[in-house]
Amino acid sequence: MKNHDRPKLKQLLGGFQKFARTVVHASGHPMAFGLAIGLIAVWLLTGPFFHFGNTWLLVIDTVGNVLTFLMIFLIRNAQNRESEAVQLKLDELIRATKEAHNSLLDIEELSETDLDRIKARFERLARKARDESNIGRSDAAAVVPPGPLIT
C-alpha cells in the first residue's frame, strides 16, 4: 500500500466507525423496535394477497437474514471500540493508583492459567478481608500484598 493511500484508508475507516456507531445507536432506540414490529405487521397483512406462498415467506426470511448478517458486523465494531475504551480507562486507573499493581495493565494478554491464578489470589484476599471484617476489625480493607501476582 502506498503512503498516499493511507489518509484515504483512515478517512474510510473513520467513516465506517461513525456509520457503525450511528446505526447501532439508532437500532437500539425504541422507535427502531416499533419500526420492526410495523414491518412485520405489513408483511403479515400482505400474506393473503400473496396467498401465503413461498415467495411471501422468502421475502421476510431474506430481509431478516441480510439485516442480521450486516448488524453482526456493526454491533461487533461498536463492542470492540467500547471494550477497548473501557480497557484504556481501567489501565489509566491502575497506572494512576500507587497501591495498584502495574502488572495488571495488560492482564487481558495473559493465558487462562495465569488469569486463574490471579483470580484465585484475589478471591483469597477477598475471603480474608470478609473474615477480618466479621471479627469486627475496622481496617479490613483488602490490600494486595507486595510481590508478583503470577507465581
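Data for the structure
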| quantity | calculated |
| --- | --- |
| D_trans [Stokes-Einstein, Kirkwood Rh over alpha-carbon pairs] for the stretch 37-102, 37 °C, 0.692 mPa s, µm² s⁻¹ | 208 µm²/s |
| Alpha-carbon Debye profile of the chain, log10 I(q)/I(0) at 0.08 Å⁻¹ | -0.54 |
| HN-Hα J in Hz across the stretch 104-115 - Karplus 6.51, -1.76, 1.60, θ = phi - 60°, x for Gly and Pro | 7, 4, 10, 4, 5, 8, 6, 6, 4, 4, 5, 4 |
| Rounded to whole Hz, the Karplus (6.51, -1.76, 1.60) HN-Hα couplings of the stretch 20-28, x for glycine and proline | 4, 4, 5, 5, 5, 5, 5, 5, x |
| Mean separation of Cα contacts under 8 Å, 6 or more apart, over the residue count of the stretch 2-119: relative contact order % | 25 percent |
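Bear in mind that the values in this text are calculations on the coordinates, not laboratory data. In this text the structure is predicted, and so the values were computed from the model without any measurement.
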